[in-house]
Amino acid sequence: MEFAAELEASLKEFSAFGLVEVRENGGRVAPLEGLSWEIRGSGEKPLLHIWSEYYNLTRRVLAITDHSEQRLALAVERFGRLKPDRLEFVRKDFQRQARELSRQEFCERLKGILAQQFPDDVLDSLVTGEDLEHSLPGNYARGVSHRGSTHTAVLAVSENESPETIAKILTFGLLWLDRLRSSSMRGSLSGLRLILPAGGVRSVAHGCAALAPNLGVRLFALDSRLDVLEEVNISQAGNIDSWLVPHREFQDLLNRAHPDLAPIVTLAPRSITLHPAPSRTVVLRFRGLPFAVWESGELFVLHGESRKLIRGDASAFLTPRLHELELHRHPLAGDTRHALYRAQPERWLEALVREDVARVDACLDAKFVYAQVFANAAGGHGILDLLCATRSGRLAIIELKASEHIHLPLQASDYWLRIRRHLQQGDFQRHGYFPGMALQDAAPLVYLVAPALRFHPTTDVLLRYLTRDLEVVRVGLAESWRRGLRVVQRH
C-alpha cells in the first residue's frame, strides 16, 4: 500500500469512532467533526488539506509517527520551515473532568503544604492542566516560587496517579525546568523541587544519579496523612540492585532445547530467532514477533496472550503459521496495515540490528550482542534492548524505538547506570559475557536508534541535562528500515 493510501486509511479508521480533536505543535486547532479533509497526491509526501468555514490548513505529510487508540500523530512539512511540524488527532476523554477536579484539589492542598514547609518562599504559581506545546501533561502540578531574586521550579504528583506516572516525574521535571530557564523570568533559577509519594522515591532517586552535577534537583517525599514533606538524600536512596543472568545458563538452556527447535528453525532460518529467557523458557520469534515458546521439553504455539500445547510433529503444525507470517510480516508486504506487519515493530527492528550491529556503528563488534541480561530490574517496566561492545572493548548500550518516546533519554540513562555498576564490579566477565575480550573501564556508550523522524522533539532537551560521563550517539534510520537498515543521521 502506498503512503497516501495508508494515510487516508489511518485517518478514516481513527475518525470513525468517538470525538477527535486536531492539534498542531501541541496547540488545539478544532474538533475534527467540524472540519472537512482530503488527501492530495500519491507520492511519498502527499498533501493533507483540512478546512472549514473558519479554518484552512494544508500540510505536506512526511510520516505517521504514532498511531494508537488515543492518538494519530503526523510529521508534516510547512512551506518556509526547515524542521518538520507535528500534527495530531487526539481522542477526547470524557473521564477527564473528574480527574482534573481531583488534580485541582491536590494542587490547592499542595499550596498550603509548600507555604508551611518553605515559609520564606513566595509561591508565584502552581497549576495543573496540559501544556502540550512544551510536552507537559496535566498529571502533575507545576509551579515556581521565589525568595528574593532566586526562583525554584516545583513539580509534584499525587498518590492518586498511576505508578507509571509517579515513576516518570523526572522526565517532566526536567522539561519544566527547561521551560522556565527559556522564559523571560527575572532573576536566577536555583533548581528543581520534585514532590512525590514515598513509594516512588527510590527509582526516581536512582535516575537522578545520571543528571549533570550542580543541576539543583531536590527530592521530597509527601506524607499525605500528615501533609508534610520529607527531603530525601538522593545519593543514599538511589541505590537500586539489579542482577545479571549468567550467560552460561542461557547457553545451557539453548543446548537443551536444540533437538526440539532445530527442525523448526530450518523452516525459515533467516527469519526465526531463538531467545532464552530468565524464566527458563525459549521464545521463538519471526522477525521479532513471538509465535511459539519452548518450556521443559514442550512446545506451545502463541496466539495473543494465550498459548496452546503442540502435540505431534511441531514442524508440520507450525508450517501454515510460518507461511502466514512470511506473507504478512515481510519487508515488501503489500498490506502494511495488516496486524502481523504492524505488531511489535521494535522487536522487528531489534532483529535487524542483531543481524548486523555494524550498521549502527562500524566500530561495534558483531560477535557479542546480548538482548536480555537483567534477571531483575527492581520493578522497572522495560528491559535493556541490546548490550554489545566496540572492537576495542568499550561497552555499548543500544536503545531502540520505532515510534516517538518521550522517556527514551531517561530510560537509557537508567540502564547506563546499571550497566556501569556491573562493569565496575567485574560482573560481566564473572557471568560469562564477552569471552576473550578485555573490557575497558570507560563508561559505556549509549546509542539511541530510531527512525529519524520519530525521535521525540524533547530528546535533545533532556540529553542536555544528563552527566557528561554519559556519551550518547543518536542514530536516525530511514523510514523504510524494515527493508534494510540505512542510517540517514548520526550525531
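The numbered conditions (1) surrounded by 13 or more Cβ atoms within 10 Å (Cβ to Cβ); (2) basic (Lys, Arg); (3) over 25 Å from Pro331 (Cβ atoms) are all true for Arg225 except (1). Total residues in region 281-291 satisfying the condition of being over 14 Å from Leu267 (Cα atoms) and in a strand (DSSP E or B): the figure is 5.
The set of residues in region 141-180 that are basic (Lys, Arg) and surrounded by fewer than 23 Cβ atoms within 10 Å (Cβ to Cβ) comprises Arg147, Arg179. Of the residues making up region 6-31, just one is closer than 30 Å to His328 by Cβ and touching a Ser or Thr at 6+ places or on another chain (Cβ under 8 Å), namely Glu6. Gly312 meets the conditions (1) part of a loop (DSSP other than H, G, I, E, B); (2) at pLDDT 95 or above in every case but one. The failed one is (2).
Go over the candidates Val446, Val357 one by one and state the one that is crowded, with 22+ Cβ neighbours inside 10 Å, of a type outside the set (Lys, Arg), at pLDDT 95 or above and within 30 Å of Glu2 (Cα to Cα).
Val357
Among the residues of region 324-354, the one identified as of a type in the set (D, E, K, R), surrounded by fewer than 17 Cβ atoms within 10 Å (Cβ to Cβ), under 18 Å from Leu302 (Cα atoms) and under 23 Å from the mean Cα position of the chain (by Cα) is Arg342. Listed by first and then second residue, the pairs with beta-carbon distance under 9 Å, at least 6 apart or on different chains, first residue in region 168-182 and under 14 Å from Gly143 (Cβ atoms), second of a type in the set (Phe, Trp, Tyr) and surrounded by fewer than 24 Cβ atoms within 10 Å (Cβ to Cβ), are Leu177/Tyr465. Taking the listed residues Arg321, Arg359, Arg311, Arg307, the one that is under 25 Å from the mean Cα position of the chain (by Cα) and of a type outside the set (Gly, Ala, Ser) is Arg359, with no other qualifying.
In region 1-29, the residues that are under 20 Å from Pro84 (Cα atoms) and modelled with pLDDT under 90 reach residues that are hydrophobic (A, V, I, L, M, F, W, C) and in a loop (DSSP other than H, G, I, E, B) with C-beta atoms within less than 7 angstrom, at least six apart or across chains, in these pairs: Val22/Leu35. Of the helices (runs of 4 or more DSSP H) lying entirely inside region 143-256, those containing at least 3 residues that are under 29 Å from Phe428 (Cβ atoms) are 201-208, 234-237.
Considering region 43-65, the residues that are without any contact (Cβ under 8 Å) to a residue 24 or more places away in the chain and within 16 Å of Arg81 (Cβ to Cβ) include one that is surrounded by the most Cβ atoms within 10 Å (Cβ to Cβ), namely Arg60. Within the option set Ala351, Ala371, Ala378, being modelled with pLDDT of 90 or more and either assigned by TED's automatic domain parsing to the domain that holds Leu477 or more than 23 Å from Leu417 (Cβ to Cβ) (or both) holds for one residue only, Ala351.
Only one of the listed residues (Gly484, Gly476, Gly432, Gly436) is surrounded by fewer than 22 Cβ atoms within 10 Å (Cβ to Cβ), without any contact (Cβ under 8 Å) to a residue 24 or more places away in the chain and of a type in the set (Gly, Ala, Ser). That residue is Gly436. Residues being among the basic types (Lys, Arg) and either crowded, with 19+ Cβ neighbours inside 10 Å or part of a strand (DSSP E or B) (or both) are entirely absent from region 263-276.
Within region 56-82, if we keep just the residues that are out of contact with any strand residue (DSSP E or B) (no Cβ under 6 Å at 6 or more places or on another chain) and assigned to a loop (DSSP other than H, G, I, E, B), the residue that is nearest to Ser403 (Cα to Cα) turns out to be Ser68. The set of residues from region 415-468 being hydroxyl-bearing (Ser, Thr, Tyr) and either over 15 Å from the mean Cα position of the chain (by Cα) or not assigned by TED's automatic domain parsing to the domain that holds Lys401 (or both) comprises Tyr433, Tyr465, Thr467. Among the residues of region 23-46, the ones that are within 29 Å of the chain's Cα centre (by Cα) and either of a type in the set (Phe, Trp, Tyr) or assigned to a strand (DSSP E or B) (or both) come to 7 in all.
When Ala396, Ala402, Ala412 are screened for being among the hydrophobic types (A, V, I, L, M, F, W, C), assigned to a loop (DSSP other than H, G, I, E, B) and assigned by TED's automatic domain parsing to the domain that holds Val373, only Ala402 passes.
The values are calculated or read from the model by the stated rules, or taken from the named source; none is laboratory data. Just so we're clear, the structure is a prediction, and the values are computed from it rather than from any experiment. Cβ atoms come from the backbone with ideal geometry, glycine included; neighbour counts cover every protein chain shown.
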